[in-house]
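Worksheet: one structure, shown below.
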Amino acid sequence: MENKKNAMSLLATVMLATFALSGCTSGDKAPVPMPEPSNTESSQDNAKIFEQQKSNVEGTATSGLVLKQFSGTGPSTIHVGSLPEGYKQVGTTVACTGAGDWEASIVQTEPAWSKSGCSLEAVGSALYSLDEPAKDHSVEVKVEADAQIWITIFATK
């Protein structure tokens, strides 16, 4: 009889514990979502850097026409295509992260290139004469593999 009493007591304790614990969690509440990494800050950085580069390129000193803006990591080759009619030079403005240098070059028979230290400041631009402005062109940007780059490619007359 004592075993039966202990079993009933144990069963009552288990049921009470189950009932008490089930009150600690609610089935109505959705789990709290973990914050997702946001690209908003990165997008804002891109927009700010590209706007600064565009402003420098389209200013009165350069009077450039923006052809492409590119952001990426590490060395990259950006296809530019042919220049619009009447344009004879291509230019670049480069910003990058990291302690190393960047080097931008136009892929053509007689390569033209420029080089500087990485910075997020849009301090200037480089102009390159083209062998044949009507042909498709590409710009190679060499930086350290983990460096983030922003490049504005433009044409001038």
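The values are calculated or read from the model by the stated rules, or taken from the named source; none is laboratory data. Note that the structure is a prediction, hence the values are computed from the model and not measured. Every residue, glycine among them, receives a Cβ derived from its backbone with ideal geometry; neighbour counts consider all protein chains shown. These accessible areas exclude ligands, DNA and RNA; they are computed on the full protein's heavy atoms, side chains included. Shrake-Rupley method; radii C 1.70, N 1.55, O 1.52, S 1.80 Å.
Got a number for carbon plus sulfur as a percent of the stretch 74-154's accessible area, 1.4 Å probe? Provide the component values of the computation, followed by the final result.
On the way: 1920 of 3980 Å².
Carbon and sulfur: 48 percent of the exposed surface of the stretch 74-154.
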Pair S76, S138: separation of 7 Å Cα→Cβ label points (nm): 1.5 nm
